[in-house]
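Chemist: This is the structure I have questions about; it appears just below.
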Amino acid sequence: MNWKVMKFVLFISILLLLVGNSTYLDDHGPPPQKVLPFPSQVVYNRVGKCGSRTVVLLLRILSEKHGFNLVTSDIHNKTRLTKNEQMELIKNVSTAEQPYLFTRHVHFLNFSRFGGDQPVYINIIRDPVNRFLSNYFFRRFGDWRGEQNHMIRTPSMRQEERYLDINVCILENYPECSNPRLFYIIPYFCGQHPRCREPGEWALERAKLNVNENFLLVGILEELEDVLLLLERFLPHYFKDVLSIYKNPEHRKLGNLTVTVKKTVPSPEAIQILYQRMRYEYEFYYYVKEQFHLLKRKFGLKSHIRKPRPRPEFFIPSPLETEEPIDDEEDDEKWLEDIYKR
């Protein structure tokens, strides 16, 4: 080997040694920038009484396990924001350390409207009547955690109101059991526009549009294990091993403590009235459920759930019932890539 070649080899060897030396890096510029997973901005604008406390418990464990930034909020009762409040929240979220997952009870926020990068949204909903009943009794009696959280949550509730029979509330048209209070799920997907709070076709269609354009996944609480399976598939850097954690007996004990107590079932007459009042909520629920089942079949997941109760006659036809995976030439990873680019 001639001298010129030997000098070149020696130079390369020294350079490689120096690059591996942290002191050299400290003296000669910053280390390479952290490579972020994609997507690195996720928002879970969780719907109240749709399993959100269970999911947040999981997220706390997962954030420590996988090293993402879980950004939560202490504000639980302000879902509708002024324009300035929207701008402030979007600014605060957008400047959080990435990768982050932001979660709060808040109606859909359009980040791009205020010049921010639109994050990937996820959410979970449930049967609207069941959600309403869970909320009705939780506000009054709390859950199994043993704390008097219902008294803290509703300190000004009078005793006669706290023990108001659910059938009386529905049949006698108390405000809590009638619209617009019953129009609850759709605004989480419709957004901050004032018309999103008005039960009707406009809010329903806008909510569907946002589900299609801005949400990576909207799951069904009645099929939570499948929701977690898909989240792990779509967002592994956030949800890897989530199902094994969820099924862990110790975690199950914690989850059971968040079950609402003293729930009773309204009469068939009262339930039928709720169906009528929640017509748009059910149209949205069944739309999301159909999309969720299509997604499950696309990835080869079969539904193993009990037969649902009959749908009220005013709703659209039932979703497809086939359990076979959908044959599609588009490969799964390309499909996910397209979703992320929306």
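Chemist: If we count every other residue with Cβ under 12 angstrom of Ile220's Cβ, Lys/Arg +1 and Asp/Glu -1, where does the sum land?
Modeler: Computed value for this residue: -2.
Chemist: Hey, what's the stretch 56-148 come to in accessible area per residue, 1.4 Å probe, Å²?
Modeler: 47 Å²
Chemist: Order the following by accessible area, largest value first: Glu250, Glu281. Probe radius 1.4 Å; ligands, DNA and RNA are ignored.
Modeler: Greatest to least solvent exposure: Glu250, Glu281.
Chemist: First select every other residue whose beta carbon is under 13 angstrom from the beta carbon of Phe114; then total the charges, Lys and Arg +1, Asp and Glu -1.
Modeler: Residues near Phe114 contribute 0 overall.
Chemist: Going 7 Å from the Cα of Glu269 along its beta-carbon direction, which residues of the stretch 152-189 have the amide nitrogen within less than 11 Å of the resulting point?
Modeler: Only 168, 171-172 pass the distance filter.
Chemist: Can you give the FRET efficiency to the nearest 0.05 for Glu97 and Asp241, using r as the Cβ-Cβ distance and R₀ = 25 Å?
Modeler: My answer for the efficiency is 0.65.
Chemist: Continuing with the same structure: Short version: ³J(HN,Hα) in whole Hz for each residue of the stretch 187-202, in order, from phi by Karplus 6.51 cos²θ - 1.76 cosθ + 1.60 (θ = phi - 60°), x for Gly and Pro, what are they?
Modeler: x, 5, 10, 6, x, 9, 4, x, 5, 5, 8, 9, x, x, 5, 4
Chemist: Can you list the HN-Hα couplings for the stretch 240-250, worked out from phi with the Karplus curve (6.51, -1.76, 1.60; θ = phi - 60°), rounded to whole Hz and with x for Gly and Pro?
Modeler: So the Karplus estimates, Gly and Pro as x, are 4, 6, 4, 5, 5, 5, 4, 7, 4, x, 5 Hz.
Chemist: For the cross-link pairs Lys49/Lys289; Lys208/Lys247; Lys78/Lys289; Lys208/Lys289; Lys78/Lys263; Lys49/Lys78, which exceed 20 Å when the distance is taken from alpha carbon to alpha carbon?
Modeler: In this structure, Lys208/Lys247; Lys78/Lys289; Lys78/Lys263 lie more than 20 Å apart at Cα.
Chemist: Name the long-range amide H neighbours of Leu70: under 5 Å, sequence gap of 5 or more, or other chain; modelled H, no Pro or chain starts.
Modeler: Result for Leu70 returns Leu101.
Chemist: Within the set of other residues whose C-beta is less than 12 Å from the C-beta of Trp202, count the net charge using Lys and Arg as +1 and Asp and Glu as -1.
Modeler: My count for the surroundings of Trp202 gives +1.
The values are calculated or read from the model by the stated rules, or taken from the named source; none is laboratory data. Just so we're clear, the structure is a prediction, and the values are computed from it rather than from any experiment. Here the Cβ is made from the backbone with ideal geometry for all residues, glycine too, and neighbour counts use every protein chain on show. Only protein heavy atoms, including side chains, enter the accessible area calculation; ligands, DNA and RNA are left aside. Shrake-Rupley method; radii C 1.70, N 1.55, O 1.52, S 1.80 Å.
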